[in-house]
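The values are calculated or read from the model by the stated rules, or taken from the named source; none is laboratory data. Source: prediction; values computed, not measured. Neighbour counts run over all protein chains shown; Cβ positions are idealised from the backbone, glycine included. To get the accessible areas, we keep the full protein, side chains included, count just its heavy atoms, and leave off ligands, DNA and RNA. Shrake-Rupley method; radii C 1.70, N 1.55, O 1.52, S 1.80 Å.
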Amino acid sequence: MSEKSNVLFLGTGSALATRCFNTCFILCNKGNMLMVDAGGGNGILRQLELAGVQRENVSDIFVTHAHTDHILGVVWMIRTALQFQSPNPLHIYSHRKVLEVLTYICQQILPKHENERIGSVVLMHELHDGDRFLVGDIQLQCFNIHSTKELQYGFSALLPDGQRLVCLGDEPFCADNEKYALEADWLMSEAFCLYVDREAFHPYEKHHSTVLDAARLAEQLSVKNLILYHTEDKTLSTRRERYTAEAQTIYNGNVFVPDDFDIINI
């Protein structure tokens with residue numbers, strides 16, 4: 001089994017994307033799989049199937065926040081875990097708001113006998129700002145991104161080889177979190193659209209960033225590699241080329257603009 005880590009992108013699109021799946025990904029290391037968010041519905045099961053990932057091999061999920069395009073797919077992951085009773089429990093990590101929403105949805109829509117297995121087959125772990133937890137050999141620390149819309153957590157992941165990957169969530173960066181992201185080896189940042197296309201997509205009205213904003217941040221934080229995701233889906237045919245080009249006008253590191261099902265070795 002490879003000692004190297006990678007990120008498998010199951011989806012790269014923003015909330016209303018239809019030409020690609022909502023942003024979610026799996027951080028993999030030595031057989032351990034941490035799913036981050038799960039998209040907006042049971043499409044997550046199809047994405048896993050197309051990616052060649054067995055659902056029962058995903059035993060840990062980190063949920064950034066309770067917006068529909070991030071949390072509803074988690075309900076389907078819970079449902080399949082409860083119905084098929086995988087040999088290992090499904091662990092879900094997030095803050096109280098997310099866990100309350102998931103618990104409420106499950107209570108309303110799942111049969112009583114399935115809900116009774118939440119706590120044994122499905123384990124929910126409440127995180128607070130700054131908490132640390134382990135998934136396999138990956139050491140994680142969560143942090144409040146100080147969202148202007150919805151309580152949301154990002155995380156910093158220390159990988160076994162010493163590299164540090166930081167996920168900033170899907171809203172503009174807050175300077176209070178510089179200590180988590182400064183000089184990261186890998187920075188994952190939302191980039192709703194190109195800066196040159198801001199008049200067409202209105203990222204700032206939606207509390208999102210542009211590619212140029214993410215690139216400027218990565219340069220300021222002296223990170224080595226920048227991954228751009230959670231984008232509009234109207235320019236998929238040129239997204240990688242144009243996003244990379246705009247980012248490279250201001251950022252001197254490596255730029256990655258993944259499509260759904262791309263794997264980035266880290």
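Scanning the stretch 39-51 for residues that are in contact with a Gly (Cβ under 8 Å, 6 or more places away or on another chain) and without any contact (Cβ under 8 Å) to a residue 60 or more places away in the chain turns up G39, G40, G41, N42, G43, I44. Here T238, T210 are screened, and the one residue that is under 18 Å from T18 (Cα atoms) and free of Cβ contacts under 8 Å to residues at least 40 places away in the same chain is T238. The set of residues from the stretch 190-212 being within 19 Å of E150 (Cβ to Cβ) and open to solvent by 10 Å² or more (accessible area, probe 1.4 Å) comprises F192, H202, Y204, E205, K206, H207, H208, S209. Out of the residues in the stretch 155-169 that are in contact with a strand residue (DSSP E or B) (Cβ under 8 Å, 6 or more places away or on another chain) and assigned to a loop (DSSP other than H, G, I, E, B), state the one that is most open to solvent (accessible area, probe 1.4 Å). Looking at residues that are in contact with a strand residue (DSSP E or B) (Cβ under 8 Å, 6 or more places away or on another chain) and assigned to a loop (DSSP other than H, G, I, E, B), I get D161. The C-beta contact set for the stretch 93-119 (first residue among the charged types (D, E, K, R), second residue surrounded by 15 or more Cβ atoms within 10 Å (Cβ to Cβ), distance under 7 angstrom, 6+ apart or interchain) comprises K97/A66; K97/L151; E114/L82; R117/L82.
Of everything listed in (1) surrounded by fewer than 22 Cβ atoms within 10 Å (Cβ to Cβ); (2) assigned to a loop (DSSP other than H, G, I, E, B); (3) at pLDDT 95 or above; (4) not hydrophobic (A, V, I, L, M, F, W, C), the single unmet condition for T148 is (3).
Kindly evaluate I227 against the criterion of being modelled with pLDDT of 95 or more and either polar (S, T, N, Q) or surrounded by fewer than 18 Cβ atoms within 10 Å (Cβ to Cβ) (or both). Taking the combined requirement at face value, the residue does not satisfy it.
When Q54 is tested against (1) in contact with a helix residue (DSSP H, G or I) (Cβ under 9 Å, 6 or more places away or on another chain); (2) in contact (Cβ under 8 Å) with a residue 12 or more places away in the chain; (3) open to solvent by 20 Å² or more (accessible area, probe 1.4 Å), just one condition goes unmet, and that condition is (2).
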